[in-house]
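Here the structure is laid out as structure tokens; the discussion comes afterwards.
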Amino acid sequence: MEAEEHWYEASLEPRKLYELIDDPQARAVGMLRVIDESGEDYLFPEQLFVRITLPESLEKQLSEVA
């Protein structure tokens, strides 16, 4: 979930859920690989986001429509 408004406004919407791509190298330097509004994946600073845990049933529903 995107937590802060910053200069990423064209790529991210506040309080929206975003899909993450596992990227250990990015995490090692404090970044997350996120699929943004364009549908492409980009690196963003980890502190812009709040990680949330979704119920398994909701996670499944979201993955089916994504």
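Table for the structure above
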| read-out | value |
| --- | --- |
| Asp23 being under 19 Å from Val65 (Cα atoms) and out of contact with any Cys (no Cβ under 9 Å at 6 or more places or on another chain) | no |
| Per-region count, region 39-66, residues loosely packed, with under 10 Cβ neighbours inside 10 Å, at pLDDT 85 or above and part of a loop (DSSP other than H, G, I, E, B) | 6 |
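The values are calculated or read from the model by the stated rules, or taken from the named source; none is laboratory data. What you see is a predicted model; the values in this text were computed from it and never measured. In this analysis, Cβ positions are derived from the backbone assuming ideal geometry, glycine residues included, and neighbour counts consider all displayed protein chains.
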